[in-house]
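**Q** Just dropping this structure here.
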Amino acid sequence: MAPGCNSRRLHQIKMKKLAIVLFLLLISSIWLSTAQAETVTVLIDGKKHTDNFFIYNLEGKDYVSLADTRDLLNLSVSWNAVAQRVVIESQKGKISFLVNNPRVVVKEKIRYLNYPARLFNGGIIVPMEFLTEIMPEILDCRIDWDLAGRCLQVTSKGKVIIGDKEDNPAVKLSSRDFKKGASDKTGSYLRKKRKSSTSKSYRIDLVVIDPGHGGRDPGAIGRKGLKEKDVVLDIANRLSKKLKQKGIKVILTRSRDEFIPLDERTAIANRNRADLFLSIHANAAFTRRANGFETYYVSEAVDDHARAVAAIENSVLELERKGVRKKMDDTLHAILWDLAYTEFRVESIEWGEIVQQELNRKIRGENRGVKPGPFYVLKGAQMPSLLVEVGFISNVVEENRLRKSSYREKITEALADSILRYKRLYEKKAGFTR
Amino acid sequence: MARRKKRKKARRTRKTNVLRPFLIILFGFILIAGSYWIYKRFSQREVVSLPKVKASREMTREVNLYFADGDAQKLVGEKREILESPNLVKEIRELLDELIRGPRNKNLARTIPPQARIRSLYLDYNEAVAYVDFTDNITKYSSGGSTGEILSIYSVANSIIGNFAEVKEVKILINGEEAQTLSGHIDLTRAVGFSEGIIKGR
């Protein structure tokens, strides 16, 4: 072959390689941004469903698009962009949940998902467990996900309400026949398991108590050297003992003098699906005169809720205008954070008022009230949460009182009573709506 | 035989050529990311340090500084005079120095430890955010309580935003970095706006 021809071939190969590399890069970038979408077979009462149904694999978990699910099962889904709340309705009941929050309210009962619903490519996706465990609650059918066979089966119970709209029960359902109900072992097992582990009624059983600071972080230090971390640890330990006697489960974020990062504290409460989160602190200010006790709940800022609402409205407008992608993510992030701040606001304030009342009844000092604040320690807690400042360690009189075991005992009693009182109130309310 | 040789040769050239496009793309990416980073960095720091402007006539302007009331419940305004300057950053800096100095009114209390120092200060005019970068003295000498922390943060935010229309939000940094909190309570990862409710009598 002539040398010229050879170099041309080389050039061709080069170009080809470049094209392949670019193509691969493109593919990989698309793959990175969209994760894996896979089409799966859907069997409705044994019949193959014709529409394409996608399963998204994110971080090893299977998700389905809520819109696809709605179309498949003929459901009514409403979506409130401001509150980020999704409501799914059928004749049998209602499911509502927030995006990025594992709490799901199914027919007025609270359930928890292992993985929350998420926003993905401009739509909402729900984990597979939502489809198989939660959805059937408001449907006349069961949904099974065959992980190995990558096949989704929707099986009607008695009446057919989905797929072919004719009323023909008992289509060949092979081994997974469900129509007579009682004979299905896996079905009843699943339901039992659900009742005991994931199902949670409106009850307060588990409280996470967080003694502030600790280890290398002493917190506030009094004029005579009393350290906040020691005072609050002692109160927390006393409180834990007292609540356990009353049959309430307690988890302490620390039970000795050690450093715990702020994020970890609420994470402990979220991981254990606690019903209440209480962070105990002692206060300080440059004014030595300042004294008394106060309780904080988490909010966007120290006061202006109006401003927060305005900010959300603005960001929703911006979302509609569809600005730059980055900007959109930022706004979404802001909205989601605001949700984290506001979801349990009412419950937290109610509980906070009770805490202040009980403290006011049992200890001396000024009642400084229940206040909002952008507390890092309470951020993202998925339950009613409070930070209580039991007294000013920077005030000499209160420092002396906080040093005394009897005074700490009084504070402990007040906090324990507030939790028990709130528990009664909350469960009574829940019983009423049930 | 000859053919096999040629194939071998082609394979060898292929090997070296496979890497090249990768390198080109990588280099291009670094170039773009680098220039973007430089752009971001320098577009934010509008004015960091300018030579001191000596005013021929000393013009002053009145500002309202926010200090804590005696019970550490609310913030109260106190009037001060600061030197007027064409440089906004310089004016804000002077205002903050006055804030650190503390109140003149005996019934009011300081909100920031006297040891606090400002490392740098910069303005993002587009987003109307003032970045106040303190040394870690502000943490080391803080009161250590939630109340003290709220008063510190909002006295800085209200004093700046209340006196400079160009600023809508204040973000506090410590030692040049974003901090979670000042002393373990209040979220500093998001910029703070003006708070009406914390001012006494409003």
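**Q** Take the residues in the stretch B:137-149 that are more than 7 Å from chain A (Cβ to nearest Cβ) and touching a Ser or Thr at 6+ places or on another chain (Cβ under 7 Å); name whichever of them is surrounded by the most Cβ atoms within 10 Å (Cβ to Cβ). Lay out the reasoning, then the answer.
**A** First pass over the stretch B:137-149, keeping only residues more than 7 Å from chain A (Cβ to nearest Cβ): B:137-142, B:149.
Within this subset, residues satisfying the condition of being touching a Ser or Thr at 6+ places or on another chain (Cβ under 7 Å) are B:139, B:142, B:149.
Details: B:THR139: 19, B:SER142: 22, B:GLU149: 27.
The selected residue is B:GLU149.
**Q** Can you name the number of the only condition in (1) within 18 Å of B:VAL192 (Cα to Cα); (2) within 14 Å of chain A (Cβ to nearest Cβ) that B:PHE134 fails?
**A** All conditions are met except number (2).
**Q** Continuing with the same structure: From the list A:GLU409, A:GLU398, which one is in contact with a Lys or Arg (Cβ under 7 Å, 6 or more places away or on another chain), assigned to a helix (DSSP H, G or I) and either of a type in the set (Phe, Trp, Tyr) or at pLDDT 95 or above (or both)?
**A** A:GLU409
**Q** So if I check each of A:LYS242, A:LYS229, which one is at pLDDT 95 or above, over 20 Å from A:TYR426 (Cβ atoms), not aromatic (Phe, Trp, Tyr) and not in a loop (DSSP other than H, G, I, E, B)?
**A** It is A:LYS229.
**Q** Tell me whether the stretch B:156-173 contains one or more residues that are in contact with a strand residue (DSSP E or B) (Cβ under 6 Å, 6 or more places away or on another chain), over 23 Å from A:PHE259 (Cβ atoms), buried (at least 22 other Cβ atoms within 10 Å of the Cβ) and within 11 Å of chain A (Cβ to nearest Cβ).
**A** The answer is yes; a qualifying residue exists.
**Q** Cβ-Cβ under 8 Å, sequence separation 6+ or interchain: first residue in the stretch B:150-176 and of a type in the set (S, T, N, Q), partner in a helix (DSSP H, G or I). Which pairs?
**A** Correct list of pairs: B:SER152/B:ILE138; B:SER155/B:LEU99; B:SER159/B:LEU95; B:SER159/B:LEU96; B:SER159/B:LEU99; B:ASN163/B:LEU95.
**Q** Let me ask another. I need the full set of residues from the stretch B:68-86 which are part of a loop (DSSP other than H, G, I, E, B) and either touching a strand residue (DSSP E or B) at 6+ places or on another chain (Cβ under 8 Å) or not assigned by TED's automatic domain parsing to the domain that holds B:LYS106 (or both), in order please.
**A** B:ASP69, B:GLY70, B:ALA72, B:GLN73, B:LYS74, B:GLU84
**Q** Sticking with this one: Quick one: B:SER152 ticks every box in (1) part of a helix (DSSP H, G or I); (2) touching a helix residue (DSSP H, G or I) at 6+ places or on another chain (Cβ under 9 Å); (3) facing chain A (nearest Cβ under 8 Å) bar one, so which box is it?
**A** Looking at each condition in turn, B:SER152 falls short on (3).
**Q** Of all strands (runs of 3 or more DSSP E) completely enclosed by the stretch A:52-153, which ones contain at least 3 residues that are touching a strand residue (DSSP E or B) at 6+ places or on another chain (Cβ under 7 Å), of a type in the set (Val, Ile, Thr) and in contact (Cβ under 8 Å) with a residue 24 or more places away in the chain?
**A** Numbers: elements: A:53-58, A:61-65, A:76-80, A:85-90, A:93-98, A:103-106, A:109-112, A:118-120, A:123-127, A:141-146.
Ranges flagged: A:123-127.
**Q** Right, here's the next one. Is it fair to say A:GLU413 is among the acidic types (Asp, Glu) and within 32 Å of the chain's Cα centre (by Cα)?
**A** So A:GLU413 passes the test.
**Q** Tally the residues that are without any contact (Cβ under 8 Å) to a residue 40 or more places away in the chain and buried (at least 17 other Cβ atoms within 10 Å of the Cβ), restricting the search to the stretch B:186-196.
**A** Final tally of qualifying residues: 5.
**Q** Now for a different question. Could you tell me how many of the residues in the stretch A:348-387 are away from every other protein chain (no Cβ under 14 Å), over 23 Å from the mean Cα position of the chain (by Cα) and not in a loop (DSSP other than H, G, I, E, B)?
**A** Adding up the residues that qualify gives 10.
**Q** If I ask for residues that are among the hydroxyl-bearing types (Ser, Thr, Tyr) and more than 7 Å from chain A (Cβ to nearest Cβ), which ones from the stretch B:174-193 would you list?
**A** Once the filter is applied, which keeps residues that are among the hydroxyl-bearing types (Ser, Thr, Tyr) and more than 7 Å from chain A (Cβ to nearest Cβ), the stretch B:174-193 yields B:SER183, B:THR189.
**Q** Then there's this: Do you know which residues across the stretch A:237-253 are touching a strand residue (DSSP E or B) at 6+ places or on another chain (Cβ under 7 Å) and surrounded by fewer than 24 Cβ atoms within 10 Å (Cβ to Cβ)? Explain how you work it out, then say what you get.
**A** Of all residues in the stretch A:237-253, those touching a strand residue (DSSP E or B) at 6+ places or on another chain (Cβ under 7 Å) come to A:239-240, A:243-244, A:248-253.
If the condition is that a residue be touching a strand residue (DSSP E or B) at 6+ places or on another chain (Cβ under 7 Å) and surrounded by fewer than 24 Cβ atoms within 10 Å (Cβ to Cβ), then A:SER240, A:LEU243, A:LYS244, A:ILE248, A:LYS249, A:VAL250, A:ILE251, A:LEU252, A:THR253 are the ones that fit.
**Q** Then there's this: Can you say whether A:ALA274 is modelled with pLDDT of 90 or more, crowded, with 16+ Cβ neighbours inside 10 Å and either more than 26 Å from A:ARG421 (Cα to Cα) or out of contact with any strand residue (DSSP E or B) (no Cβ under 7 Å at 6 or more places or on another chain) (or both), as far as the supplied structure shows?
**A** Details: modelled with pLDDT of 90 or more: yes; crowded, with 16+ Cβ neighbours inside 10 Å: yes; either more than 26 Å from A:ARG421 (Cα to Cα) or out of contact with any strand residue (DSSP E or B) (no Cβ under 7 Å at 6 or more places or on another chain) (or both): no.
So A:ALA274 fails the test.
**Q** Okay, next question. Got a number for residues in the stretch A:388-404 being in contact (Cβ under 8 Å) with a residue 40 or more places away in the chain and more than 34 Å from the chain's Cα centre (by Cα)?
**A** Of the residues in that region, 10 qualify.
**Q** A further question follows. Quick one: in the stretch A:213-255, of everything that is free of Cβ contacts under 8 Å to residues at least 40 places away in the same chain and away from chain B (no Cβ under 14 Å), which residue is nearest to A:SER279 (Cα to Cα)?
**A** Top of the filtered list is A:LEU233.
The values are calculated or read from the model by the stated rules, or taken from the named source; none is laboratory data. Keep in mind that this is a model prediction, so the values were computed, not measured. Note that each Cβ is placed from the backbone with ideal geometry, even for glycine, and that neighbours are counted across all protein chains shown.
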